1. When residues of the range 49-68 are filtered for being touching a strand residue (DSSP E or B) at 6+ places or on another chain (Cβ under 8 Å) and assigned to a helix (DSSP H, G or I), how many remain?
2. For the range 54-110, give me each residue that is of a type in the set (Phe, Trp, Tyr) and either within 15 Å of residue 122 (Cβ to Cβ) or surrounded by fewer than 17 Cβ atoms within 10 Å (Cβ to Cβ) (or both).
3. Just the residues that are of a type in the set (Asp, Glu) and in a loop (DSSP other than H, G, I, E, B), please, taken from the range 143-192.
4. Evaluate the range 131-138: report whether one residue or more is under 23 Å from residue 29 (Cα atoms) and either assigned to a helix (DSSP H, G or I) or in contact with a strand residue (DSSP E or B) (Cβ under 8 Å, 6 or more places away or on another chain) (or both).
5. Within the range 43-75, how many residues are touching a residue at least 24 places away in the same chain (Cβ under 8 Å), closer than 24 Å to residue 105 by Cα and not aromatic (Phe, Trp, Tyr)?
6. Restricting the search to the range 165-175, which residues are closer than 20 Å to residue 82 by Cβ and either hydrophobic (A, V, I, L, M, F, W, C) or loosely packed, with under 12 Cβ neighbours inside 10 Å (or both)?
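Derivation of every value follows stated rules applied to the coordinates shown; laboratory data play no part. Keep in mind it's a predicted model, so treat the numbers as computed, not measured. Cβ: placed from backbone, ideal geometry, glycine included. Neighbour counts: every protein chain shown.
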Amino acid sequence: MKHWIAAGFALLLAMPVGAVEVGDDGLHKTPWMRDTFKDLREDLAEANAEGKRMVLFFEQRGCIYCSKMHNEVFPDPDLTRLIEDEFFVVQLNLHGDTEVTDFDGEVLSEKNMARKWNILFTPTLLFLPETVPADQTAPEAAVAVMPGAFAVGTTTDMFTWVVEKRYALDGDEDFQRYHARRIQERDNGKAD
């Protein structure tokens with residue numbers, strides 16, 4: 001009996017602090033992810049009603065980069081607060097069978113929608129504008145796409161860049177230049 005207690009205690013110590021729950025589908029579950037019927041037109045309307053920006057978040061079972069994001073990046077308190085306050089996040093499974101209704105009205109399983117949209121890697125985040133024409137697909141309408149896992153600073157900068165609608169500004173500060181400026185400001189202690 002003592003061995004079982006010691007083994008259980010050792011297992012608890014080995015787990016990462018604040019480990020994120022993984023659902024039966026093998027995907028990470030966070031409080032800021034929305035459980036929806038995955039009709040993107042309805043989800044966008046709900047996001048707009050809440051004054052939030054919609055993000056489609058593709059993951060897959062066993063994705064080590066998704067785990068890294070959920071266990072090392074998203075727990076950052078400032079990033080978590082930014083996502084909770086400003087974003088409506090809809091999780092999609094790269095290999096899932098749940099039906100998704102695209103903005104153009106086409107209904108496909110998650111895995112077939114991923115193929116239609118050419119989503120190849122996880123995690124992949126698609127950031128949507130407040131309005132999407134009825135003839136466009138989600139990737140056609142996306143104002144930004146974040147393919148892959150990035151550090152806290154890059155991820156925070158991408159979410160902030162979208163919230164500030166920097167993609168719509170005239171000028172020479174695309175995301176890469178914005179991100180470089182934010183890195184410089186953080187290094188100089190000027191960034192918030």
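1. 2
2. Going through the range 54-110, the residues of a type in the set (Phe, Trp, Tyr) turn out to be 57-58, 65, 74, 87-88, 103.
Answer for the range 54-110, where residues must be of a type in the set (Phe, Trp, Tyr) and either within 15 Å of residue 122 (Cβ to Cβ) or surrounded by fewer than 17 Cβ atoms within 10 Å (Cβ to Cβ) (or both): 57, 58, 65, 74.
3. As a first pass, look at the range 143-192 and keep what is of a type in the set (Asp, Glu): 157, 164, 170, 172-174, 185, 187, 192.
Selection gives 164, 170, 172, 173, 174, 192.
4. Going through the range 131-138, the residues under 23 Å from residue 29 (Cα atoms) turn out to be 138.
Going one step further and asking which of them are either assigned to a helix (DSSP H, G or I) or in contact with a strand residue (DSSP E or B) (Cβ under 8 Å, 6 or more places away or on another chain) (or both), we end up with 138.
Yes, some residue in the range 131-138 is under 23 Å from residue 29 (Cα atoms) and either assigned to a helix (DSSP H, G or I) or in contact with a strand residue (DSSP E or B) (Cβ under 8 Å, 6 or more places away or on another chain) (or both).
5. 12
6. Start the filter on the range 165-175 by keeping residues that are closer than 20 Å to residue 82 by Cβ, which leaves 165-169, 173, 175.
Scanning the range 165-175 gives 168, 169, 175.
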